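Chemist: Quick one: structure below, then a few questions.
The values are calculated or read from the model by the stated rules, or taken from the named source; none is laboratory data. Everything numeric here is computed off the predicted structure, so don't read it as measured data. Glycine also receives a Cβ, built like all others from the backbone with ideal geometry; neighbour counts cover every protein chain displayed. Please note that ligands, DNA and RNA were not included when accessible areas were found on the heavy atoms of the full protein model with its side chains. Shrake-Rupley method; radii C 1.70, N 1.55, O 1.52, S 1.80 Å.
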Amino acid sequence: MKISIIGNGAVGNMLAVSCHLQKLDYQVLTRRGLASELKVTDGHNGQWQMPLPVAPLSKLSQSELIILPLKAYQIADFIEQNCSLIQPQQTLVLLHNGMGTIESCQQLLPSNNLIAGTTNYGAFKPDSSTLLIKGQGESHFGWVTQQTDCHRQVIEQVLSSLLPPSTWHTDIRLALWLKLAVNACINPLTAIYEVTNGELRAERFQTQIIAVCEEISQVMKYLGFVQEPKALLQRVNKVIEDTADNFSSMNRDIVAKRLTEIDFINGYIVKQAQLCGLACPVNLNLIKQIKAMERHYLPY
Ligand code: PAF
């Protein structure tokens, strides 16, 4: 089973480390395709270095499993630009914050097998060749479509071993919604107020978080995923505790003047709410504030 990991981001590099340690057959595909070294710091082995087998995207067809640890807003573009290189028997794996990409993937590649996943492993790249892995996380995966015969068991085994422990779901959407709720509360607030996740324990943030959870709970209920606002709040606050010293990915994006995933996080919630005829003023307000910051930072 040959694995392609797309891009040189933190989650992609974490997958590469796991493949390297398990001696799996894998390649990291980037536009330029220049092989390089990766300096890794993790809790188990301290600081060490490994070669990163980087190849150009033209090698995309030479693998059975394609993992896409890209930002949500990069997925549709990536597939559109590379669909001539993707074969129908290849299985794709989506692994990012936010929702809304499954739909575009299915539209663009209707014949491919598709898996969606979510992980709470944390990693950070202070520069392009250094990866800091922050402790142990857990992952959730589920088949969205299985159109062609594939090595289902082998694929599940391989994916489970990359970011363990992993749970496989018959319907991954609940796990994705639960992670979406966590991101919808933590990410915009930490970005707007320039605070760590732990600072969201303060009452002024908790009031907003409770309101966001109430809106999400309403939408989820309408879609058949019953989750009381209290249960969502508990989940969000657990992540706030577990990652108290971290800055969220949206906070980092705003600091680095990069586009954020807001359209696929709170934006996805508002879109689903509109389809259900529900209002989400608190989520909408967070989107407006992040968009205003993006407009200020980005050159368009
Ligand atoms: O996007 C992030 O930063 C993470 O998904 C999370 C869970 C909010 C922790 O920082």
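Chemist: Looking only at the stretch 196-220, which residues are open to solvent by 10 Å² or more (accessible area, probe 1.4 Å) and aliphatic (A, V, I, L, M)?
Modeler: Residues satisfying the conditions are A202, I210, A211.
Chemist: Just the residues that are open to solvent by less than 10 Å² (accessible area, probe 1.4 Å), within 13 Å of L131 (Cα to Cα) and touching a residue at least 60 places away in the same chain (Cβ under 8 Å), please, taken from the stretch 15-28.
Modeler: L15, V17
Chemist: Got a sec? Which of E214, E228, E261, E241 is in contact with a Pro (Cβ under 8 Å, 6 or more places away or on another chain) and either away from the ligand (no atom under 11 Å from the Cβ) or of a type outside the set (G, A, S) (or both)?
Modeler: Values: E228 fails: in contact with a Pro (Cβ under 8 Å, 6 or more places away or on another chain); E261 fails: in contact with a Pro (Cβ under 8 Å, 6 or more places away or on another chain); E241 fails: in contact with a Pro (Cβ under 8 Å, 6 or more places away or on another chain).
Unique residue meeting the criteria: E214.
Chemist: Identify, from the list Y268, Y193, Y297, the residue that is at pLDDT 95 or above, more than 11 Å from the ligand (Cβ to nearest atom) and open to solvent by 30 Å² or more (accessible area, probe 1.4 Å). Quick ask: steps written out before the conclusion?
Modeler: Details: Y268 fails: open to solvent by 30 Å² or more (accessible area, probe 1.4 Å); Y297 fails: at pLDDT 95 or above.
That would be Y193, the only listed residue that is at pLDDT 95 or above, more than 11 Å from the ligand (Cβ to nearest atom) and open to solvent by 30 Å² or more (accessible area, probe 1.4 Å).
Chemist: Is it true that A181 is more than 14 Å from the ligand (Cβ to nearest atom) and either over 17 Å from the mean Cα position of the chain (by Cα) or open to solvent by less than 40 Å² (accessible area, probe 1.4 Å) (or both)?
Modeler: Details: more than 14 Å from the ligand (Cβ to nearest atom): no; either over 17 Å from the mean Cα position of the chain (by Cα) or open to solvent by less than 40 Å² (accessible area, probe 1.4 Å) (or both): yes.
So A181 fails the test.
Chemist: Given L95, L70, which one is within 16 Å of the ligand (Cβ to nearest atom), open to solvent by 20 Å² or more (accessible area, probe 1.4 Å) and not charged (D, E, K, R)?
Modeler: Numbers: L95 fails: open to solvent by 20 Å² or more (accessible area, probe 1.4 Å).
So the residue among L95, L70 that is within 16 Å of the ligand (Cβ to nearest atom), open to solvent by 20 Å² or more (accessible area, probe 1.4 Å) and not charged (D, E, K, R) is L70.
Chemist: Right, here's the next one. For the stretch 221-245, how many residues are open to solvent by 20 Å² or more (accessible area, probe 1.4 Å) and under 16 Å from A202 (Cα atoms)? Quick ask: steps written out before the conclusion?
Modeler: In the first step, residues of the stretch 221-245 are kept if they are open to solvent by 20 Å² or more (accessible area, probe 1.4 Å); the result is 221-231, 233-235, 237-239, 241-243, 245.
From the residues that got through so far, the ones that are under 16 Å from A202 (Cα atoms) too are 233-234, 237-239, 241-243, 245.
Count: 9.
Chemist: Also, I was wondering about something else. Considering only the stretch 140-166, state which residues are closer than 17 Å to I5 by Cα and buried (at least 19 other Cβ atoms within 10 Å of the Cβ).
Modeler: Listed by number, the residues that qualify are F141, I155, V158, L159, L162, L163.
Chemist: Follow-up question, since we're still on this one. Every residue in the stretch 98-128 that is more than 16 Å from the ligand (Cβ to nearest atom) and either of a type outside the set (S, T, N, Q) or touching a Leu at 6+ places or on another chain (Cβ under 6 Å) (or both), please.
Modeler: We begin by selecting, within the stretch 98-128, every residue more than 16 Å from the ligand (Cβ to nearest atom); these are 102-115, 127-128.
I102, E103, C105, L108, L109, P110, N112, L114, I115, D127, listed by residue number.
Chemist: Also, quick follow-up: Considering the stretch 184-205 alone, what residues qualify as being aliphatic (A, V, I, L, M) and farther than 18 Å from D245 by Cβ? Full working, then the answer.
Modeler: In the first step, residues of the stretch 184-205 are kept if they are aliphatic (A, V, I, L, M); the result is 184, 186, 189, 191-192, 195, 200, 202.
Of everything in the stretch 184-205, those that are aliphatic (A, V, I, L, M) and farther than 18 Å from D245 by Cβ turn out to be A184, I192.
Chemist: Can you find a residue that is over 27 Å from A292 (Cβ atoms) and within 22 Å of the chain's Cα centre (by Cα) anywhere in the stretch 245-265? Even if it seems obvious, please write down each step before you answer.
Modeler: If we filter the stretch 245-265 for residues that are over 27 Å from A292 (Cβ atoms), which is where we start, we get 245.
Within this subset, residues satisfying the condition of being within 22 Å of the chain's Cα centre (by Cα) are 245.
Yes, because at least one residue in the stretch 245-265 is over 27 Å from A292 (Cβ atoms) and within 22 Å of the chain's Cα centre (by Cα).
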